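**Student:** Attaching a single structure in structure tokens format; questions to follow.
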Amino acid sequence: MEKPLGKPAYVEHLYIEPTETAHSEMYLKAIYLLKESNESPAKVTSIAKLLKISAPSVVEMLRRLDKLGFVKYSKRGVILTKKGAGIGRYIVRNTRLVEALMATKFKIPVDERIACGMEHIMTDEFSEALCVLLKHPKLCPHGFNIPIGKC
């Protein structure tokens, strides 16, 4: 028997996250991680190594992020502005919360690809709810501090 044509019973909503946003966030995350490991200002070569891209590509993006007010870039290196640090911190927090979810609740090995994909699309509400669900973990499964959130 064929299904009648017409309105489907369920409509799935599709979303496409702008890749430019996630791309910029990865740079801010990398700089934040370098600062966390006491490299400040962050060196172009260190960022390139973390992101597995060429130094000239890093310089191009840092100039763009500087114009947008996310970083202060000079020949000495790059530091995050308050705006850039907030985003970097938020992305790192999201990553580490997802990693904690995998390890403690799902009891599965941490999959960096999943954590990295989710970190960009999590809302504040989701991030805070996840933190509450996990009972406000202080450390991720790798032993790094999870930045404090609103909860």
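**Student:** With each run of n ≥ 4 DSSP H residues scored as -39500 (n - 2.57), what mean residue ellipticity at 222 nm is computed for the chain after dividing by its residue count and rounding to the nearest 500 deg cm²/dmol?
**Tutor:** Mean residue ellipticity at 222 nm (helix-derived): -16000 deg cm²/dmol.
**Student:** A further question follows. Identify, among S74, H120, I91, the residue whose Cα sits farthest towards the positive end of the charge dipole of segment 61-135, taking +1 on the Cβ of Lys and Arg and -1 on the Cβ of Asp and Glu, with the dipole about the Cα centre.
**Tutor:** Ranked along the dipole, the leading option is S74.
**Student:** Longest span of the chain, sites excluded, free of GluC sites (Glu not before Pro) in DSSP loop with at most 12 other C-beta atoms within 10 Å?
**Tutor:** 13-151
**Student:** Then there is this: Give, rounded to the nearest 20 debye, the magnitude of the charge dipole that segment 10-151 has about its Cα centre when Lys and Arg contribute +1 at Cβ and Asp and Glu contribute -1 at Cβ.
**Tutor:** 720 debye
**Student:** Once you mark the chymotrypsin sites (Phe, Trp or Tyr not before Pro) that are in a DSSP loop and have at most 12 other Cβ atoms within 10 Å, what is the longest gap between them in the chain?
**Tutor:** 16-105
**Student:** Select from segment 107-151 those trypsin sites (Lys or Arg not before Pro) which occupy a DSSP coil region and have at most 13 other Cβ atoms within 10 Å, ordered by residue number.
**Tutor:** Within segment 107-151, the qualifying trypsin sites (Lys or Arg not before Pro) (loop, at most 13 other Cβ atoms within 10 Å) are K107, K135, K138, K150.
**Student:** Here is a follow-up. In Å², what does the accessible area per residue of the chain work out to with a 1.4 Å probe?
**Tutor:** 68 Å²
**Student:** Here is a follow-up. Suppose we keep just the alpha-carbon trace of the chain; what are its Rg and Dmax in angstrom?
**Tutor:** For the chain, the Cα radius of gyration and maximum Cα-Cα distance read 18.6, 71 Å.
**Student:** Taking the simple approach of a point 7 Å from Cα along Cα-to-Cβ for both K107 and V132, what is their distance in nm?
**Tutor:** Going from the K107 label point to the V132 one covers 2.6 nm.
**Student:** Right, another one. Leaving out ligands, DNA and RNA but keeping every protein chain, what accessible area does D124 have, in Å² rounded to the nearest 10, with a 1.4 Å probe?
**Tutor:** Answer for D124: close to 80 Å² accessible.
**Student:** Something else: Rounded to whole Hz and in sequence order, give me ³J(HN,Hα) for segment 129-139 from the Karplus expression 6.51 cos²θ - 1.76 cosθ + 1.60, θ = phi - 60°, writing x for Gly and Pro.
**Tutor:** Here the 3J(HN,Hα) series is 5, 5, 4, 5, 4, 7, 6, 6, x, 8, 10 Hz.
**Student:** OK, next. Considering just Cα atoms, how many Å³ per residue does the convex hull of segment 94-151 enclose?
**Tutor:** Numbers: hull volume 4.1 nm³, N = 58.
In segment 94-151, the Cα convex hull volume per residue is 70 Å³.
The values are calculated or read from the model by the stated rules, or taken from the named source; none is laboratory data. No experiment lies behind these values; they were computed from the predicted model shown. When we count neighbours, we look across all protein chains shown, and the Cβ atoms used for this are built from the backbone with ideal geometry, even at glycine. Ligands, DNA and RNA are excluded from the accessible area calculation, which covers all protein heavy atoms including side chains. Shrake-Rupley method; radii C 1.70, N 1.55, O 1.52, S 1.80 Å.
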